């Protein structure tokens, strides 16, 4: 499968963060986008609320001048983060009065969030979702004959 350089870098960083326990949805440096942006939190100033898809003034300025963060525009970063948080079970945007999971660093929860983020990463680069297993388990596609038995 042909991928883009930004996609490869993002996937490598997310994979490493997941397996090294450096992924935390509520931390701007350890969330999906925080990890993609080399564990820096400058990206959080692109929006007024963590998990929001709405760019603030700073975000709109960076978007208009074509600024990229680790290869992604401000609006793309917000989409990636929103998908990750939503996949982790958060009600968006994050706020103390909104629904949030009891154990945010549960591996299953983080994996679900990563699957959602990877889906968005694939959409942004107009690729087939690399996490989609539906074809692998599509039993209606073609019949598989039973193995022959030896007599």
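The values are calculated or read from the model by the stated rules, or taken from the named source; none is laboratory data. Because the structure is predicted, anything quoted here is derived from the model rather than measured. Methodologically, a virtual Cβ is constructed for each residue, glycine included, from the backbone with ideal geometry; neighbour enumeration extends over all protein chains shown.
Among the candidates 79, 107, 100, single out the residue that is over 14 Å from the mean Cα position of the chain (by Cα) and modelled with pLDDT of 95 or more.
107
Of the residues 59, 71, 66, 34, which single one is within 15 Å of residue 114 (Cβ to Cβ) and at pLDDT 95 or above?
Result: 34 is the single residue among 59, 71, 66, 34 that is within 15 Å of residue 114 (Cβ to Cβ) and at pLDDT 95 or above.
Name the residue that is nearest to residue 73 (Cα to Cα), counting only residues in the range 42-55 that are out of contact with any strand residue (DSSP E or B) (no Cβ under 9 Å at 6 or more places or on another chain) and surrounded by 15 or more Cβ atoms within 10 Å (Cβ to Cβ).
Result: 55.
So which residues in the range 93-111 are closer than 12 Å to residue 25 by Cα and in a helix (DSSP H, G or I), if there are any at all?
107, 109, 110, 111
Where residues in the range 17-26 are farther than 16 Å from residue 119 by Cβ and touching a residue at least 12 places away in the same chain (Cβ under 8 Å), which of them is surrounded by the fewest Cβ atoms within 10 Å (Cβ to Cβ)?
Looking at the filtered set, the residue picked out is 21.
Kindly state which helices (runs of 4 or more DSSP H) lie completely within the range 27-88 and contain at least 1 residues that are out of contact with any helix residue (DSSP H, G or I) (no Cβ under 7 Å at 6 or more places or on another chain) and more than 22 Å from residue 122 (Cβ to Cβ).
57-64
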